[in-house]
Each structure stands twice: as C-alpha cells, then as structure tokens.
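A short write-up of the structure that comes next.
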Amino acid sequence: MITGLDLSMCDVSYQHNNGPRFAFDVTFPAGQTSVIMGPSGSGKSTLLNLLGGFLKADRGDIVIGGQNVTHLHPSERPVSMIFQDHNLFAHLDVARNVGLGVDPHLKLDEAGWHHVEDALISVGLRGYGQRMPSTLSGGERQRVALARMLVRDRPVLLMDEAMASLGPGLRQTILALVKQLQCEKRLTVIMITHEPGDARHIADSMAFLADGRILAQAPGTNLLDSPSDPQIAAYLGIAG
Amino acid sequence: MGPSVAGRHEPLSVHPFTPDMPARLVLVALAVLCLTPLIALGVMGGEALRIGSLSALLGDPFIQRALRFTLVQAALSTLISVALAVPVVLALRHIQQPWLLRHVWTLFALPLVLPQIVAALAIAAVFGHNGWIADLVAIAGINWPSIYGLAGILLAHVFFNLPLAARVFDLALQSQPVEYEKNAAQLGLTGWRRFILIEGAVIRDAAMGVSILIFLLCSTSFTIVLMLGGGPRSTTLEVAIYQALAFDFDLGRAVMLVALQVLVTGGIVLALMGRRDADVGTTGFSLTGAMHMRAVMAGERSGAAIAMLLVLVAVLFVALPFIFIVFDGFAANPFAVWQRQAVVAALLTSIIIGLFSSILAVFGAVLLTHRRAGGRFLAAMPVLALVFPPIVLSAGWFLTLRQFTDPFEYAAILVVVINAAMALPFVLRIVGQALQTHAARYGQLEDQLALTGWARWRISVLPALRAPLLVGFAFAFALSLGDFGVIALFGSERLQTLPYMIYASFGSYRTNDAAALALLLAVLVFIAIGFAEWLGQRQTRSGAP
C-alpha cells in the first residue's frame with residue numbers, strides 16, 4: 001500500500017535559451033489533488049516537466065516525500081505522468097503498453113500479465129488487452145494510461161491536460177476514476193486543466209500560475225469562488 | 001482550449017540526461033573526412049600556389065573558362081527547370097483523376113533516384129544526333145543537331161530538376177490552408193487574379209529555395225558534364241579537377257581547381273545560411289511522398305485542354321529516357337552481357353560497396369539525431385554537403401594519400417566512406433525526421449518507463465520506424481550503387497563498379513554493352529527503392545494511425 005508523498009520545489013529556477021525565466025517555490029500537500037490553472041505560457045507544463053524530470057532545473061531542489069530527486073532520471077522518480085496525447089505506443093497492443101509499466105523489456109511472467117489484466121479491470125477495460133491503440137477512443141486510451149500508472153505503483157500522479165481532448169461526459173468519468181484511484185491508493189495528484197469544472201469536481205487545493213510564478217495557492221476551490229487577484233478573475237472571465 | 005505552449009518549445013525530445021557523445025564522434029569523423037584533404041591540399045599546394053604561380057593559374061584561360069562555364073550552365077539549368085516547372089505544376093492541378101495524378105508524380109520521382117550515368121546515356125540516346133527524336137524528325141527532312149555540349153548538359157539537368165522543382169511547388173501549394181481556396185471562391189476570384197493571390201505568392205516563396213538548391217546541384221554536376229559535355233569548351237570545375245588528376249596529372253592545377261570549387265559552392269552556401277529559410281533540403285526524396293498527392297482544385301474547364309497537353313509533353317520528356325533504358329537495354333542482348341565474369345564481379349563489388357556505405361550512412365544518421373543541440377546545423381547539412389561534392393573529396397584524399405602511399409590500396413575503403421558521407425544528409429532527412437518525431441512523441445514516456453539503450457530500440461524505435469529506416473537504407477544503397485563521382489578517380493582494373501564499367505564501355509563506343517549494363521544498374525536501383533517502399537507501405541497499412 002503506497003501512501004501519499006508531498007512535493008516541494010525549493011527556489012527552483014529554469015530558463016530555456018533566452019526565453020522567459022520560471023521560478024517556483026511551492027509545496028503540494030501529500031495525498032491530495034492539486035489543480036493547477038493559469039494562462040498559456042504561464043509555466044504550467046514547465047512546472048510539471050520539472051517535477052517529472054523531463055527538464056533539468058538550473059537552480060534549486062525538487063524534494064518528493066523527503067527525497068531530493070533533482071538529479072534523478074524520470075524513471076527513477078516516484079512519479080507517473082500522463083500527457084494529453086501519445087501516452088501509448090501505437091504499434092503495441094493495450095496489454096503490452098500497460099506491461100511496459102511492469103518491465104521496460106516486456107519480459108513479464110504469468111503473474112505480471114495477471115497484474116496487467118487486473119489494472120485494466122480497475123479502469124473499466126476488462127478484456128481490452130489485445131486491442132490496438134488505434135481502435136480505442138480518446139477516453140479509453142487515457143484509461144489505459146491510468147492502468148499503466150497503476151502497475152507502475154508510483155505514489156505521485158502528474159496529469160498535463162490529460163483530458164483536454166475529451167468531451168465533457170468523458171471528462172467526468174475519467175475524473176471520477178482518478179478520484180477513486182486517488183482515494184484507494186492515497187495518491188498525490190497534480191493536474192493541469194483549463195476547465196473550472198474539472199477543478200470543482202476534484203480539487204483539494206488549487207494553484208494559479210502567471211508569468212512563470214505561482215501567483216496564488218489556496219485550499220479547496222477558493223481561488224474559483226473568490227479570486228484574490230484581478231489576473232485570476234480575468235483568466236476566469238469574472239468581472240471584478 | 002489549446003494546449004499550453006509553455007515548456008513545449010524546449011528540446012524535450014532528447015532528454016538532458018542522454019549522452020550525446022556518439023553524435024559528436026560522427027560530427028568529428030565528418031569534419032576529418034571533409035577538412036583533412038583541404039588542409040593537406042593547402043600544405044601541398046603551398047609550392048604550387050606561390051604568388052607568381054597563383055596569378056598564373058588564375059589567369060589560365062582554361063581555368064577561367066571552366067569557372068565561367070560552371071556558373072553559366074548552372075544558372076541556365078536552374079532558370080529553365082524552375083520556369084518550366086511552374087506551368088507544369090499548374091497544369092497538374094487541373095488533372096481530376098487521382099490515379100493519373102498519382103502515376104505522374106511517381107514518374108516525376110523516378111529521376112531523383114536514377115543514377116546520373118544511366119540518365120546521361122539515356123538522354124544521349126533519346127535526344128542525341130543519332131537518337132530517337134533525330135530519327136523522327138529526319139522523316140520530315142530536318143537535320144537534328146548534336147546535343148553534346150551545353151545543350152546536352154541542360155537537357156539532362158532539366159530532366160533531373162524540373163520534376164524536383166515541380167514537386168517542391170506542389171508541396172508548397174498543398175501546404176496552403178484549404179480556407180484560401182474557399183475564400184477565393186467566396187470572393188469570386190478567378191483566372192489571373194486568383195493565380196496572383198493564391199498560387200503566385202506561394203510559388204514565388206518556394207522558388208527562391210528550390211532555385212538555390214538546383215543551382216548548387218548543377219554547379220557541382222560531374223557525371224552529366226563528363227558524359228555530355230563533349231570537349232574542353234564545355235568543361236566545369238569538377239570535370240577539370242578529374243581531368244587534371246586522371247589525364248594531365250597536373251597537381252598544382254588540381255589543387256587550384258578544388259580550392260575554386262569549394263570557394264564557389266561555399267560562398268553560395270554561406271550566403272544561403274544567412275537567410276532564415278535555409279532549409280532548402282525539403283524536397284521530398286521519397287516515392288511514398290509522391291504518392292500522397294491529391295487533386296485539390298475544382299477544375300476551371302477553360303484551361304483543361306492546354307493543361308493536358310502540357311502535362312503530356314512533360315510526362316513524355318521525363319518518361320522517354322526511362323523507356324530507352326528498358327528498350328535499348330533489352331535490345332542489347334543483356335543476358336549475355338550480364339553473364340560475363342567481369343560484369344558479375346563489378347555487380348558484386350557495387351553491391352558490397354553499396355551495402356557497407358548504406359549501413360554506415362544509416363548508422364551515422366541515427367547517432368547524429370541523438371545530438372542535443374544543433375537542429376539548425378542538421379537542417380543545413382544537405383546544403384553543407386554540396387560544398388564538398390564527391391569529386392572534391394575523392395580528389396582531396398587521392399592527393400593526400402599519394403604523399404604517403406599508393407592511394408589505390410585504400411580505394412575500396414575510401415569509396416565506401418565517401419559514399420556514406422554523400423548519402424548521410426539524405427538519410428538524415430528520412431530517418432532523422434522520423435526519429436525526432438518519434439522522440440518528441442514518446443521520449444518522455446520512454447524516459448519515465450526506463451526504456452533506454454537496447455530496450456528502447458527493440459520495443460519502441462525499431463518497430464515504429466522500420467519503414468523510414470528501410471527507406472533511408474535503400475536510398476543510401478541506391479545512391480552508392482549509382483555513384484560515379486568517387487569511383488571515377490579510385491576505380492581501376494582491380495576495383496570496378498557497374499557505373500565505372502558503363503563509363504568505360506561508353507568511352508570506347510561499346511554502346512550495346514553500355515545499354516545492357518545501364519539496364520542492370522537501373523533495375524538494381526529500382527528494386528532496392530521499390531522493395532523499401534513496399535515494406536514501408538505494408539507497415540503503414542497494417543500499423544496504427
């Protein structure tokens with residue numbers, strides 16, 4: 001049984017070439033779902049990529065559950081990340097795509113494949129193992145990605161607009177699934193979204209990014225209900 | 001709700017932890033290959049290039065004429081190819097039948113992989129003094145002139161480059177948003193005004209890039225000029241280098257000519273690199289690419305008849321040399337020729353050299369794409385390669401090795417390596433782009449899942465990229481099979497390839513042998529390319545989206 005880990009970015013700074021400089025100093029609480037919002041270019045994806053290890057911070061430390069992961073390879077971090085698209089290898093069937101989470105060389109024993117099928121059942125895809133990704137809907141593909149997250153058994157889940165290409169109905173069911181898995185596994189979830197509805201559905205706390213910085217962080221959906229900053233109000237389209 | 005832009009423009013495709021040592025090694029090897037002969041020539045040439053002899057060489061009317069002819073024929077070739085490509089591509093847009101269009105574009109892609117030596121032979125036979133066209137007009141009592149010299153060179157260059165320019169224009173036109181056409185229709189734009197607004201603007205933008213590319217290709221053209229030039233009046237720098245080394249053995253002149261050649265092409269490339277759209281290598285060298293054509297335009301009936309006529313002429317012009325290769329090849333009793341021991345040996349030599357150099361080229365391209373930075377350099381590489389055409393590299397290494405040993409001892413290795421280097425930019429385009437797209441899509445996923453090293457290749461890369469890898473391999477193989485620029489200097493009784501043998505037969509007026517050998521070479525090249533295309537398409541059909 002994994003338990004939630006908290007994530008801290010201590011004075012983390014990142015700049016690509018001569019682009020804008022990002023500076024993050026923030027803690028995301030353990031075992032909770034934090035929703036990140038903010039305008040395009042504000043640094044949401046950069047923040048997640050730093051946590052996932054896909055970008056290397058120029059300065060500062062990234063600490064997950066007390067462990068300094070700043071210099072760890074993405075595969076060594078206690079983190080699974082789900083992207084908006086291309087989470088599955090198009091040339092591998094569903095079971096193999098999930099199986100990669102068990103062993104990157106795909107050398108699974110019978111117990112391993114059972115584990116894969118169990119994960120598929122947990123995300124509502126019983127018997128989908130032999131299907132190819134091209135035959136799945138967008139929602140089903142994200143479910144497969146979640147199944148792989150399950151077999152990887154990492155305590156932190158990062159979602160980079162993972163539902164951006166899904167319709168409202170599908171978003172609801174995927175969000176419900178994420179919420180359920182989060183409760184069962186005590187996951188720490190950090191999710192980027194542009195949809196206030198997503199946040200209302202799932203957020204334990206929220207953070208708002210602007211110009212490469214955390215502008216505000218507040219429990220629950222306070223940022224939505226009573227935006228403390230005119231930038232947030234403007235982003236949400238609330239006069240005021 | 002668009003995806004957030006932040007963090008996407010970074011080179012996430014290659015992870016910051018990935019070592020890029022192998023890529024650097026490839027770059028160093030390329031630099032050594034290209035620069036060693038230049039440095040050695042500079043040292044050796046010190047003697048020959050004393051101020052006095054330098055001015056004497058520069059004042060040498062032969063060198064002056066070679067330089068002038070190089071530039072004039074390249075400019076004319078470019079002008080004619082590009083100017084003719086515009087009406088051809090516009091006419092092609094009138095074609096309503098997708099199957100016809102598909103076949104025309106397939107035909108237009110063929111010259112891109114046809115060995116130059118075979119093309120030169122075919123063009124001489126079709127358009128030459130004793131060729132098919134001459135026979136045809138003789139019925140009407142017209143005396144067809146000889147094409148050896150500028151005319152033949154231009155014909156061959158247009159044969160290679162008109163389809164290339166047309167293809168580039170077509171790709172540019174296709175990349176226009178469909179909304180343009182819709183807007184034009186909505187606004188009631190027709191005829192000339194519509195052309196100016198829609199096709200004209202796009203073609204003008206694309207014309208600059210493709211013109212520079214064609215000019216570079218033609219100014220470094222060797223085989224065509226050697227075969228069809230027909231005398232000292234029409235000699236380019238490249239051919240002059242070859243003649244200085246192969247016949248006159250005038251080292252000073254060879255050094256001077258190599259320096260001039262690199263200055264000319266290097267100057268053009270430098271001027272080109274300053275432009276923002278330096279990526280003129282986007283020329284669609286794949287047959288598969290040509291298959292993606294679609295009929296876009298709703299026809300304007302008025303121009304349809306003229307368009308069909310234009311297309312017919314263009315198609316005949318491109319197709320006739322191919323028809324010759326098959327027709328004359330089979331008329332030359334080819335099976336008897338192919339069974340000769342020397343031919344079998346040359347065939348095997350060609351295949352072995354081709355295999356080694358294409359493996360080397362694919363390997364180098366794969367390693368190069370693992371380079372973290374330098375996307376700009378990789379994009380410019382096809383153009384940079386034109387600064388060091390095969391004859392310059394082989395002449396340079398020939399002269400360098402001569403200082404220490406018998407260069408023919410190392411002929412086979414040098415032919416393999418130089419051919420690999422020549423193919424590398426093209427392979428890099430085919431394989432590199434696919435690898436980079438794949439890495440951009442799956443790189444993060446691979447990193448997260450600890451898919452590294454061989455596991456990454458076995459599970460992620462090879463199954464997904466079998467098609468581009470095979471096409472790249474086949475293209476390198478075809479290029480190497482058809483090479484004459486390198487083997488021209490290094491070939492000997494001991495090391496003969498098919499193109500070398502074709503040139504020898506052609507030079508000693510054994511036209512039957514030449515035709516039979518040309519057929520063999522063309523068949524080999526098209527089998528290689530066709531096989532890769534077929535495998536690639538089979539995978540695309542059975543594979544995922």
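The values are calculated or read from the model by the stated rules, or taken from the named source; none is laboratory data. Just so it is clear, the structure is predicted and the values come from calculations on it, not from any experiment. Because the Cβ atoms are built from the backbone with ideal geometry, glycine has one as well, and the counts that use them run over all protein chains shown.
Tabulated data
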| read-out | value |
| --- | --- |
| Yes/no for A:ALA90 being small (Gly, Ala, Ser) and either in contact with a strand residue (DSSP E or B) (Cβ under 9 Å, 6 or more places away or on another chain) or more than 8 Å from every other protein chain (Cβ to nearest Cβ) (or both) | no |
| Members of region A:104-120 found to be under 21 Å from the mean Cα position of the chain (by Cα) and either surrounded by fewer than 18 Cβ atoms within 10 Å (Cβ to Cβ) or facing chain B (nearest Cβ under 10 Å) (or both), listed by number | A:PRO104 |
| Only listed residue being surrounded by fewer than 16 Cβ atoms within 10 Å (Cβ to Cβ) and of a type in the set (A, V, I, L, M, F, W, C), chosen from B:VAL337, B:VAL311, B:VAL344, B:VAL315 | B:VAL344 |
| Counted residues, region A:4-34 - those being closer than 14 Å to A:LEU215 by Cβ and away from chain B (no Cβ under 14 Å) | 2 |
| Single condition A:SER45 does not satisfy, out of (1) more than 10 Å from every other protein chain (Cβ to nearest Cβ); (2) under 24 Å from B:ARG441 (Cα atoms); (3) small (Gly, Ala, Ser) | (1) |
| Hits in region A:197-230 - residues which are buried (at least 18 other Cβ atoms within 10 Å of the Cβ), of a type outside the set (Asp, Glu) and part of a helix (DSSP H, G or I) | A:ALA199, A:HIS201, A:ILE202, A:LEU223, A:LEU224 |
| Count of residues meeting criterion [in a helix (DSSP H, G or I) and touching a residue at least 60 places away in the same chain (Cβ under 8 Å)] in region B:324-335 | 8 |
| Residue, farthest from the other protein chains (Cβ to nearest Cβ), within region A:50-69, restricted to residues that are crowded, with 18+ Cβ neighbours inside 10 Å and without any contact (Cβ under 8 Å) to a residue 40 or more places away in the chain | A:VAL69 |
| Residue within region B:91-110 that is more than 16 Å from the chain's Cα centre (by Cα), at pLDDT 90 or above, among the small types (Gly, Ala, Ser) and farther than 30 Å from B:VAL427 by Cα present | no |
| Wholly within region A:5-122, strands (runs of 3 or more DSSP E) carrying at least 1 residues that are in contact with a Lys or Arg (Cβ under 8 Å, 6 or more places away or on another chain) and within 22 Å of A:GLU184 (Cβ to Cβ) | A:33-37, A:59-64, A:79-82 |
| Count - residues of region B:371-404 that are touching a Pro at 6+ places or on another chain (Cβ under 7 Å), modelled with pLDDT under 80 and surrounded by 19 or more Cβ atoms within 10 Å (Cβ to Cβ) | 3 |
| Filter result for the condition that a residue is in contact with a Leu (Cβ under 9 Å, 6 or more places away or on another chain) and not charged (D, E, K, R), over A:ALA216, A:ALA234 | A:ALA216 |
| Lone unmet requirement of (1) more than 23 Å from the chain's Cα centre (by Cα); (2) modelled with pLDDT of 85 or more for B:ARG541 | (2) |
| Residue in region A:1-59 that is modelled with the lowest pLDDT, counting only those that are charged (D, E, K, R) and farther than 25 Å from A:LEU224 by Cα | A:LYS56 |
| Pick from region B:192-215, criterion at pLDDT below 85 and under 30 Å from B:ILE487 (Cβ atoms), ranking: surrounded by the fewest Cβ atoms within 10 Å (Cβ to Cβ) | B:ILE212 |
| Restricting region A:93-103 to residues that are buried (at least 17 other Cβ atoms within 10 Å of the Cβ) and charged (D, E, K, R), the residue that is farthest from the other protein chains (Cβ to nearest Cβ) | A:ASP93 |
| B:GLU446 being within 14 Å of chain A (Cβ to nearest Cβ) and either acidic (Asp, Glu) or within 22 Å of B:VAL225 (Cα to Cα) (or both) | yes |
| Candidates A:ARG213, A:ARG171, A:ARG148, A:ARG152, filtered to the one that is over 21 Å from A:ASP6 (Cα atoms) and touching a strand residue (DSSP E or B) at 6+ places or on another chain (Cβ under 9 Å) | A:ARG148 |
| Any chance A:SER40 is within 14 Å of chain B (Cβ to nearest Cβ), touching a residue at least 60 places away in the same chain (Cβ under 8 Å) and of a type in the set (S, T, N, Q) | no |
| All positions within region A:205-240 that are out of contact with any helix residue (DSSP H, G or I) (no Cβ under 9 Å at 6 or more places or on another chain), of a type in the set (S, T, N, Q) and touching a residue at least 24 places away in the same chain (Cβ under 8 Å) | none |
| Any hit, region B:409-417, residues being away from chain A (no Cβ under 14 Å), crowded, with 24+ Cβ neighbours inside 10 Å, under 29 Å from B:VAL43 (Cα atoms) and touching a helix residue (DSSP H, G or I) at 6+ places or on another chain (Cβ under 8 Å) | yes |
| Members of region B:449-464 that are more than 9 Å from every other protein chain (Cβ to nearest Cβ) and buried (at least 17 other Cβ atoms within 10 Å of the Cβ) | B:VAL461 |
| Qualifying helices (runs of 4 or more DSSP H) (wholly inside region B:390-499; at least 2 residues being among the small types (Gly, Ala, Ser) and more than 27 Å from the chain's Cα centre (by Cα)) | B:433-448 |
| Residue list for region A:155-171, restricted to those being more than 9 Å from chain B (Cβ to nearest Cβ), in a loop (DSSP other than H, G, I, E, B) and within 15 Å of A:MET81 (Cβ to Cβ) | A:PRO155, A:ALA162, A:MET163 |
| Test for B:GLN496: is it at pLDDT below 85, more than 14 Å from chain A (Cβ to nearest Cβ) and out of contact with any strand residue (DSSP E or B) (no Cβ under 7 Å at 6 or more places or on another chain) | no |
